[in-house]
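Inspection log for the structure reproduced underneath, given as structure tokens.
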Amino acid sequence: MPKFSVETPQNVAVSIKIPPEMSPMDQLELMERYTATHRAYEGKSREEREIACLRILYPALFRSIEPDDLFAGRLDFLPIGFGCVTSVGGVGHYCVFNKLTAFKDLLPSDEHERVDALYDYWLEHDLKTKYCRQALKDDVVGMFIDVEYPLIVTARLSGMMLNYHMLMDLGISGIRERIHEQQEKLGDNDFYRASLASLELFSSCCDHLADKVRSDMEGATPKRREELLRMESALLRIRNDRPETFVEALQLFWLYALLAGVINYGRMDDVLGPFLARDLRTGHLTESEAFSLLQSLWTMIENRRTTVNGRIIVGGRGRLDPESADIFTRIAMDVAHSCRYVEPQFTLRFDRETPDDIIDAALDAIGSGATYPTLYNDDVHIPAVMRAMRVDEKTAEQYVPFGCGEFVIQGQSVGTPNICINLLKILQIALNDGIDPMDGIDKSDGVSLLPAEEIDSFDVLFSQYKRLLDHYFDLSIESQLLSYDVMNQEVSFLFTSILMDDCVERGKAVLDGGIRYLGGTVETYGNINVSDSLAAIKKVVFEDQRVTLSALRDAVNRDFDGDMLLRRHLWEAPKYGNDNDEADTMANEVFEFVANGIRDRGINAGMTYFLIVISNNQLNTEWGRRTAASYDGRRKGQFMNPANNPQGGANTSGPTAMLNSLTRFDAGLHGGSLQNIKFTPDFFNGHRDLVKKMFRVYFDRGGCQLMVTIVNRGELEKAVKNPDTYRDLLVRVSGFSAVFVNLETDIQEELMSRVLYG
Amino acid sequence: MDNPKFFVTSIERGAYHDGPGLRTVVFFQGCPLHCAWCCNPETQPFRPVLLHEGKRCVACGNCVPHCPQQALSLREGRLHVDRAQCISCGRCVPVCPGGAYSLSSEIMSSEEILAVVMKDADYYRATGGGLTLSGGEPLCQRGVEVLLFQAKQANLTTCVETTAALSYKVLESVLPYVDYFYIDLKHSDRDILLRETGADLDLVTSNIGKLMDKGANVTLRTAVIPWYNDDLSTLRSIFHLALALGVTTYVLLPFHQLGRAKYAKLGRPYTLEHLKTLTPEDVSEAASLGRQMGLDVRIGG
């Protein structure tokens, strides 16, 4: 069995979670009831077990309604429970062991045994642990997030964005009817029965929340009473019927998303816009009430604290009623401008037809330092998604980025990134006879490699690297498919499956053959360090012949100790991000090899798509800590390049040069790619017209995406020194925004190393 | 001379202060003036000069034996450059592990310069930007008219930042190929200007007048320097001069010390350390004054 620690943190978590409202003893008892139910359903179908366990959790986990909430639904998460992602709770029937261990400290010592008993039970039953036992491979494949490995894997169902149109159009009763119809047509099965039971559970949660609302009415101010009455009436309607008002639609969407355990929401303007527009038109709502309701949604999402998720997407092609949707978009833009929250990750899709006032509002919000919205260019992405995912245009129009920037088709595809690959570590292994210079461990996994002494040309070197990459790509697809198998054996993700095409039609859960497009993604790291390293080796060893490859390898492995001149030559070799043809061509060659290698394996395995994402949370820094010095001049333990951006400080040729470099890659080969850029307020706000035109050129040249941080020169450095005075300084790390002073020191350093334009 | 060569100190892409739109600014080596507030002092000599960046130097002494002039020595754990001996041959540059040395400029042909400039052609088209020549004094470069001609052939808009302290013949030779002249008017007092910068006011103003007569698009710029020209009466008289020359477009550049580190790299004393850096607000009164007098005044960066 592979060695691994079940207590390894399972995801990036910068935002501190709100502690559960329930007392520790109540939490313990709930986890015990959950565990007992799970145990009791051993041998029953996964659907029966899932719904029985869900009934233990809901509505018990609902928190109180906060005085400012304008609709209902706040949930706690315990170290044991049910979920689909690692950012809140865990995956399937889960136990988050490090959190359970920490939870013990909240209890009197004579209760510790009870926790230990739970711990022991879940060692055998936690879904992710079961997966790890099968998927991990000593020294080669590690678990999320164990940065000693070149490849890390997990089981999770991230990024599900549900078909909320179906929810709004049919309501709970309509979905129930549809299930009944299918039951008649295809025959009854556990999935249908459990789905119906899930809908019952939804209605009970509405009733439970309505009770809470009623009890809050006592002693409430007249204004609050009115709000609570509206909330109650919405809950009582949506428990069964289709929503009619914006508040009802919002309530229905939110409560369903909570119960499904999804943390990315998708095209809310498309789903909620028509309700909002109608209410505004009929005078049912004022603009300021609409603003407050959206602000309340923003707060609800922020309070879930998922760090890298919480996507709300507005704008773009393929919306049913663009005019109404844009009304939502405009108000949402104001909310994003005024709330300085790190979540939701507010995202604008746009194309050449997008109204100018929306683009201007977006730039205003960005210019205010909100870091939002992030910008996605439909003119590039829609045709790119068609090719990358092999879908038609109408389908591609429903692409949505989730989490750190991976795409799915809303309501139609699974695209969870269950694999992360450190391309730079693999290069170092390829040049060191299979040994990782960071720890001296052989990670070649049996791939035969020539020693550097015998590599006599750049082509031989590159093809050796590609051979090792190919092997790691094989491991990637195996691990992704295994994650689906293990999850499907254990759970049906009932709430999610009900709202994903074509689960109800087929009578199958998402991973059981229900999902229309089975996709998946691989997060790549160190891509630019690799291409810059290759460009530097090519120049320094094979063109300038300053040093032999083996001597270079030895100097790099010593972290350049005694050979800083060589490091300088490597650092001064052509670097990506400067519109330098040599460096950018190399970056593209690496990109195409990696992107095609992963994509082809997905197609051969029968998936609709399996794509790389050049995304990043802060793993570039965390993995960098355990990655040896590299041939681009990067020091041992230093952060790696963020997403599709240059290594910090390597791009010295101005903003247009960097933007030109960013456009070099074929967006039709990846499933999302992130581009960060940092401007001074003087440039961004003082010369807005220029900035707007500059972005337009970038997007016309094939720029697919952009995320902008506005910060004054020296401000980040000052914030490091006086964190207390910079509590509201937001930065875009990559796949998420953060309060700068909450980040760890080396992550702050990585952000400061990025070039500031203006 | 269809591909003249130049000493280029740097090329800045995506610049937005030096003419309309987004521009690529090419900085040249060599200037006839010697302003104390110059923020690019490495561009003043007409030949490349050696820069030595103290914070990159670990005093390893690697460079010392490579110097043919024996200009480099280690003294009390610090590297010393004897500027009287140094001939800026650059042999120390490639041997320094920390990259502490550099030469202020490299030779580039007009073809090479334009190859870099043309990479941003899309941005120029969208923003009305183009090529800006700066320095140093770009018009002191032999063959600059060829570069400008070639830029126009490539449909670029061109801007030249000049002292205008040179023969009108030079200005006349580039006139057909320059869309915007940005000319420094540093003072209105003949003696003070000569003493502090080396410029001849009569030559500068006569050149501006001739350019105006030819219908050139001229913007005047004044770096506002405390003690030197930041009092309103001096600025008023500078503005009067501008108006008398028929120029109405004006840029005020508040004094900053961003060039200070370069003096240290050149081993030259920086004499303006005691002066306060000015903000746009500090020069807003002067800007209002200019506007009252009928100038279109902008505060630049």
Review point. Which one of these is within 14 Å of chain B (Cβ to nearest Cβ) and open to solvent by 10 Å² or more (accessible area, probe 1.4 Å): A:T652, A:T656?
Key: A:T652
Check your understanding: Regarding A:V14, is this residue touching a Gly at 6+ places or on another chain (Cβ under 7 Å) and under 30 Å from A:Y149 (Cα atoms)?
Key -> no
Review point. Right, A:D270: open to solvent by 30 Å² or more (accessible area, probe 1.4 Å) and touching a residue at least 40 places away in the same chain (Cβ under 8 Å) or not?
Key: no
Revision key, fill the gap. Listed by range, helices (runs of 4 or more DSSP H) wholly within the range B:121-181 having at least 3 residues that are touching a Phe, Trp or Tyr at 6+ places or on another chain (Cβ under 8 Å) are B:144-153
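Within the range A:463-474, is even one residue at pLDDT 95 or above, part of a helix (DSSP H, G or I) and among the polar types (S, T, N, Q)? Step through it out loud before you land on a result.
In the first step, residues of the range A:463-474 are kept if they are at pLDDT 95 or above; the result is A:463-474.
Next, from what is left, pick out any that are part of a helix (DSSP H, G or I): A:463-474.
Imposing the further condition that a residue be among the polar types (S, T, N, Q) reduces the set to A:463-464.
Among the residues of the range A:463-474, at least one is at pLDDT 95 or above, part of a helix (DSSP H, G or I) and among the polar types (S, T, N, Q), which makes the answer yes.
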Exercise for review: Being in contact with a strand residue (DSSP E or B) (Cβ under 9 Å, 6 or more places away or on another chain) and among the charged types (D, E, K, R) is the filter; apply it to the range B:189-238 and report the residue that is farthest from B:L295 (Cα to Cα).
Suggested key: B:D230
Exercise for review: List every residue pair whose Cβ atoms lie under 7 Å apart, where the two residues are 6 or more positions apart in sequence or sit on different chains, the first residue falls within the range A:211-223 and is outside any loop (DSSP other than H, G, I, E, B), and the second residue, located anywhere, is of a type in the set (D, E, K, R).
Suggested key: A:V213/A:E232; A:R214/A:E232; A:M217/A:R225
Exercise for review: Scan the range B:169-215 for residues that are within 20 Å of B:G135 (Cβ to Cβ) and of a type in the set (D, E, K, R) and jot them down.
Suggested key: B:K169, B:E172, B:D179, B:D184, B:K186, B:E196, B:D200
Review point. Do any residues in the range A:584-613 that are under 14 Å from A:P417 (Cα atoms) and modelled with pLDDT of 95 or more have Cβ atoms under 7 Å from those of residues that are of a type in the set (D, E) and open to solvent by less than 30 Å² (accessible area, probe 1.4 Å), where the two are at least six apart or on different chains, and which pairs are they?
Key: A:V613/A:E406; A:V613/A:E523
Review point. For the range A:529-549, does any single residue satisfy the condition of being within 24 Å of the chain's Cα centre (by Cα) and touching a residue at least 60 places away in the same chain (Cβ under 8 Å)?
Key: yes
Practice item. Considering every residue within the range A:679-686, establish whether at least one is away from chain B (no Cβ under 14 Å) and open to solvent by 20 Å² or more (accessible area, probe 1.4 Å). Key: no
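Checking the condition modelled with pLDDT of 95 or more and over 25 Å from B:N207 (Cβ atoms), which residue from B:V251, B:V247, B:V283 passes?
Just a single option satisfies the conditions, and that option is B:V283.
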Point to revise | Selection within the range A:465-488 - under 14 Å from A:V530 (Cα atoms) and open to solvent by less than 10 Å² (accessible area, probe 1.4 Å) | key: A:Y465, A:L468, A:L469
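Determine which member of the set B:L278, B:L289, B:L232 is under 24 Å from the mean Cα position of the chain (by Cα), of a type outside the set (D, E, K, R) and either open to solvent by less than 40 Å² (accessible area, probe 1.4 Å) or over 26 Å from B:N217 (Cα atoms) (or both).
B:L278
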Practice item. List the number of the failed condition for A:G83; all other conditions in (1) of a type in the set (G, A, S); (2) modelled with pLDDT of 95 or more; (3) under 27 Å from A:I152 (Cα atoms); (4) open to solvent by 60 Å² or more (accessible area, probe 1.4 Å) hold. Key: (4)
Practice item. Report yes if some residue within the range A:613-626 is within 14 Å of another protein chain (Cβ to nearest Cβ) and open to solvent by 30 Å² or more (accessible area, probe 1.4 Å); otherwise report no. Key: no
Check your understanding: Only one residue in B:C60, B:C38, B:C92 is within 14 Å of chain A (Cβ to nearest Cβ) and either part of a strand (DSSP E or B) or surrounded by fewer than 23 Cβ atoms within 10 Å (Cβ to Cβ) (or both), so which one is that?
Key -> B:C60
Check your understanding: On the given criteria, is B:P65 open to solvent by 50 Å² or more (accessible area, probe 1.4 Å) and of a type outside the set (K, R)?
Key -> yes
Practice item. Would you mind telling me which numbered condition in (1) within 14 Å of chain A (Cβ to nearest Cβ); (2) in a loop (DSSP other than H, G, I, E, B); (3) in contact (Cβ under 8 Å) with a residue 40 or more places away in the chain B:S102 fails? Key: (2)
Practice item. Just give me the residues in the range A:596-655 being in contact with a strand residue (DSSP E or B) (Cβ under 8 Å, 6 or more places away or on another chain) and under 30 Å from A:R558 (Cβ atoms), in sequence order. Key: A:N616, A:L619, A:N620, A:W623, A:T627, A:A628, A:M640, A:P642, A:A643, A:N645
Point to revise | In the range A:693-715, the residues that are within 12 Å of chain B (Cβ to nearest Cβ) and open to solvent by 50 Å² or more (accessible area, probe 1.4 Å) | key: A:K693, A:R696, A:D700, A:R701, A:R713
Point to revise | Selection count where residues are open to solvent by 20 Å² or more (accessible area, probe 1.4 Å), within 12 Å of chain A (Cβ to nearest Cβ) and either out of contact with any helix residue (DSSP H, G or I) (no Cβ under 9 Å at 6 or more places or on another chain) or assigned to a strand (DSSP E or B) (or both), scope the range B:13-35 | key: 1
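The values are calculated or read from the model by the stated rules, or taken from the named source; none is laboratory data. Since this is a predicted model, take the numbers as computed values, not measurements. Using ideal geometry, Cβ is built from the backbone for each residue, glycine included, and neighbour counts are taken over all protein chains shown. Heavy atoms of the whole protein, side chains included, go into the accessibility calculation; ligands, DNA and RNA do not. Shrake-Rupley method; radii C 1.70, N 1.55, O 1.52, S 1.80 Å.
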